[in-house]
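Colleague: Sharing a structure, written as structure tokens. Questions coming.
The values are calculated or read from the model by the stated rules, or taken from the named source; none is laboratory data. Predicted model only: the values in this text are computed from it and were never measured. Don't worry about glycine lacking a Cβ; one is built from the backbone with ideal geometry, like all the others, and counts go over all protein chains shown.
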Amino acid sequence: MRKQTNVTNVIVFDVDNTLIRGNLTFFFLKCLVREKFYFFRTCFILLIRGAILLFRQLPQMTNDVMLESGSGNIYHLDENICRTIKKFYQALFETLKTLDLLGKKLQKKAHSIFSHSFFRTHLYTQGFHKIKHHLRNKNTVVVLLSGSVQELLDPLFEKLCEQLDEENLAWKKRFFIQGTILEDNKVQPCVGSGKNRFLKTLLRREGYDHYTLQFIYSDNSFMADLPLLIEAKHGGALISKKNNLYQQLPKKLLASFTFLPEWNRSPLQP
């Protein structure tokens, strides 16, 4: 742990659909379905449940809550999002436990699936360049926060660290990643206000007691990152299309958002 002498600026990046095209957890499940027959039934059912959750239930719930009473229901929306997604991750935990694929085994499996070639084709390099830009400021810490499972994020973090090593940015101890935790009696999704709690815990563990959350990069799927965006001093860049639900937000909060088109993918160097 380092000793802190001044206030640190913190920049947060979402991962799925922000730094990475698609969702790492879903991609992992699809690979298990394709890989071996005995994985098929268990993983396929969970994949379908997750798809229904992400593409039907959560969008509908977000729409209903936001239109019901607008910005006054932001925290009610967060509560519903966190509860709903936790059910999926509890099911995921039980599935991986049945397959004896937790902890180091899950980490090893993730490395075999998420090869460097995967990230060269799925990583949004504009996002990586933004990370480099912020790390050039030695008073800035960059944290990647993701709803995907922690072990699935390790290969991504290693790839990014390899690239940063080539940039001579003195980035170590200023670049971190945190995802959902799957352990016995401890399923903790890194979503919604859970990201705020994970961020606070991580920074304190690393010795950053005095910090200012400056800016967020996110696709803000289903408005799930609103708790982070509300806390950020200068709002965030939303890598998504602006939809009508944003008009339900307080004007001051909405004014702090910059809407960017989806970043293009271009290969990282091998």
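Colleague: Filtering segment 11-32 down to residues that are among the charged types (D, E, K, R) and over 20 Å from residue 91 (Cβ atoms), which residue is surrounded by the fewest Cβ atoms within 10 Å (Cβ to Cβ)?
Modeller: Here is the first cut: in segment 11-32, the ones among the charged types (D, E, K, R) are 14, 16, 21, 30.
Then keep just the ones that are over 20 Å from residue 91 (Cβ atoms); that gives 14, 21.
Values: 14: 26, 21: 16.
Per the stated criteria, the residue is 21.
Colleague: Would you confirm whether any residue within segment 182-205 is at pLDDT below 95, within 21 Å of residue 160 (Cα to Cα) and either among the aliphatic types (A, V, I, L, M) or assigned to a loop (DSSP other than H, G, I, E, B) (or both)?
Modeller: There is no residue in segment 182-205 that is at pLDDT below 95, within 21 Å of residue 160 (Cα to Cα) and either among the aliphatic types (A, V, I, L, M) or assigned to a loop (DSSP other than H, G, I, E, B) (or both).
Colleague: Restricting to segment 165-186, and then to whatever is of a type in the set (A, V, I, L, M) and surrounded by 19 or more Cβ atoms within 10 Å (Cβ to Cβ), can you tell me which residue is farthest from residue 87 (Cα to Cα)? Explain how you work it out, then say what you get.
Modeller: The first filter runs over segment 165-186 and keeps only residues of a type in the set (A, V, I, L, M), leaving 169-170, 177, 181-182.
Add one more test, that the residue is surrounded by 19 or more Cβ atoms within 10 Å (Cβ to Cβ), and what stays is 177, 182.
Values: 177: 23, 182: 12 Å.
So, considering only residues that are of a type in the set (A, V, I, L, M) and surrounded by 19 or more Cβ atoms within 10 Å (Cβ to Cβ), the one farthest from residue 87 (Cα to Cα) is 177.
Colleague: Looking only at segment 125-142, which residues are outside any helix (DSSP H, G or I) and among the polar types (S, T, N, Q)? Before you say what the answer is, go through the steps one by one.
Modeller: Looking only at segment 125-142, we keep the residues that are outside any helix (DSSP H, G or I), and these are 136-142.
Hits for segment 125-142 are 137, 139, 140.
Colleague: I need a count of the residues in segment 216-249 that are hydroxyl-bearing (Ser, Thr, Tyr), within 17 Å of residue 190 (Cβ to Cβ) and in a helix (DSSP H, G or I). Full working, then the answer.
Modeller: Of the residues in segment 216-249, the ones hydroxyl-bearing (Ser, Thr, Tyr) are 217-218, 221, 240, 246.
When the remaining residues are screened for being within 17 Å of residue 190 (Cβ to Cβ), the result is 217-218, 221.
Cutting the leftovers down to in a helix (DSSP H, G or I) gives us 221.
Summing the residues that are hydroxyl-bearing (Ser, Thr, Tyr), within 17 Å of residue 190 (Cβ to Cβ) and in a helix (DSSP H, G or I) in segment 216-249 gives 1.
Colleague: Please state which one of 92, 58 is assigned to a helix (DSSP H, G or I), modelled with pLDDT of 85 or more and buried (at least 17 other Cβ atoms within 10 Å of the Cβ).
Modeller: Numbers: 58 fails: modelled with pLDDT of 85 or more.
Exactly one of 92, 58 is assigned to a helix (DSSP H, G or I), modelled with pLDDT of 85 or more and buried (at least 17 other Cβ atoms within 10 Å of the Cβ), namely 92.
Colleague: Between a residue in segment 155-184 that is touching a residue at least 40 places away in the same chain (Cβ under 8 Å) and among the small types (Gly, Ala, Ser) and any residue that is assigned to a loop (DSSP other than H, G, I, E, B) and crowded, with 19+ Cβ neighbours inside 10 Å, which pairs come within a Cβ distance under 6 Å, given they are 6 or more apart or on different chains?
Modeller: Qualifying pairs under 6 Å: 179/190.
Colleague: For segment 143-181, name all the residues that are more than 17 Å from residue 128 (Cβ to Cβ), assigned to a strand (DSSP E or B) and among the polar types (S, T, N, Q).
Modeller: 148, 178, 180
Residues checked against (1) among the aromatic types (Phe, Trp, Tyr); (2) farther than 27 Å from residue 261 by Cβ; (3) surrounded by 19 or more Cβ atoms within 10 Å (Cβ to Cβ):
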position: 143; (1), (2), (3): no, no, yes
position: 152; (1), (2), (3): no, no, yes
position: 197; (1), (2), (3): no, yes, no
position: 210; (1), (2), (3): no, yes, no
position: 214; (1), (2), (3): no, no, no
position: 234; (1), (2), (3): no, no, no
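Colleague: Next up: List pairs: first in segment 107-118 and over 17 Å from residue 96 (Cα atoms), second of a type in the set (S, T, N, Q) and outside any helix (DSSP H, G or I), Cβ under 9 Å, 6+ apart or cross-chain?
Modeller: none
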